[in-house]
Amino acid sequence: MADVDTGPQRAVGTGSQRAAGTGPHKVEGTGPPNRPRPGHALHTSPGAPGADRGLSLPLWPLALLAALLPAAAALLALWLAVRAGLVPACNPFIDGCVSISRAARHDLPNHVFRALMLPAATLQGLVWLLTARWLRAGLGSTLGSPLGSPLGLRALAPLGLAAAVALVLYASFLGTEGPAYRWLRQYGTVVYFGFTCLCLLLAGDGMVRLAAQRRLALPRGLPPTLKGLAVLLVALGLVNAIVAALFDAAVKARIENVTEWWGALVFVLGFAALAAIWWRLGLRVTLGPPPR
């Protein structure tokens, strides 16, 4: 069983009540106000009952690795491809001379790219699962906006898993030939970018509302970061569509390459922001047997 620990909090009550473990009490901090269901508990403190029976680990390294592994995969593949003479030396964020797919398509760059991207996809799927559980427990019955409705937050985990599977498909079939493989790569790219954008939007909306309800003690600009990155990703897609409608194939290919690199950077920043939020909150996951 894996339980999420929302960090240190303080119980308030009379001395005799605390000593006896009875009587009314109030928990202050970032934890949810509602009592979680059995089997879906969010521990409100490291000293919660049963916490000593499992292994407690911080959550933020998972999100940080989910950010850094794809970045390392793309940049290492580009560097190796340039050294091997497979692609021209340039700055793809500005020049748009090569796409991520082309840089990682052949030989050693392809092997390195797959070796890093496949575990990254697994980590990203796990991060979205944990984010969905954390937000649903934290918001409880106070869900109000369309994005934060029960249906919206229930969609976060499936969307994150689908994005992770799409990334696995893309990385697995990169470098293979044939129309079926090409279709799988294209499908994987579209689903990964689209669904990860939706996950950023849903998670960002939930965190903004938690901060508005004073359930998150974070710098003011940090909770809206995920929503802002999702909007930036949509803007990149609109630029792509406009360029495709107005310019020739050469300009279109160059802009597509530029927006692909910047879109990948948006995802890196999104998971890095989530890692920073989890680090500031001190969120931990406890691995242990299920409660009896």
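Some points to look at:
- One residue stands out in segment 237-267 among those that are under 18 Å from G188 (Cβ atoms) and of a type in the set (A, V, I, L, M): the one that is least open to solvent (accessible area, probe 1.4 Å), namely V266.
- Any chance G237 is outside any helix (DSSP H, G or I), without any contact (Cβ under 8 Å) to a residue 60 or more places away in the chain and at negative phi: no
- Residues that are more than 16 Å from W278 (Cα to Cα) and touching a residue at least 40 places away in the same chain (Cβ under 8 Å) within segment 210-229 comprise Q213, L229, listed in sequence order.
- Count - residues of segment 83-99 that are open to solvent by 50 Å² or more (accessible area, probe 1.4 Å) and either more than 14 Å from L265 (Cβ to Cβ) or not in a loop (DSSP other than H, G, I, E, B) (or both): 7
- Count of residues meeting criterion [modelled with pLDDT under 80 and either touching a helix residue (DSSP H, G or I) at 6+ places or on another chain (Cβ under 9 Å) or more than 16 Å from L210 (Cα to Cα) (or both)] in segment 137-174: 13
- A single member of A211, A203 is aliphatic (A, V, I, L, M), assigned to a helix (DSSP H, G or I) and modelled with pLDDT of 80 or more, and it is A203.
- Taken together, G178, G188 contain a single residue that is at pLDDT 80 or above and either open to solvent by less than 20 Å² (accessible area, probe 1.4 Å) or among the small types (G, A, S) (or both), which is G188.
The values are calculated or read from the model by the stated rules, or taken from the named source; none is laboratory data. All of these numbers come straight from a predicted model, not from anything done at the bench. As a convention, Cβ positions derive from the backbone with ideal geometry for all residues, glycine included, and neighbour counts pool all protein chains shown. Please note that ligands, DNA and RNA were not included when accessible areas were found on the heavy atoms of the full protein model with its side chains. Shrake-Rupley method; radii C 1.70, N 1.55, O 1.52, S 1.80 Å.
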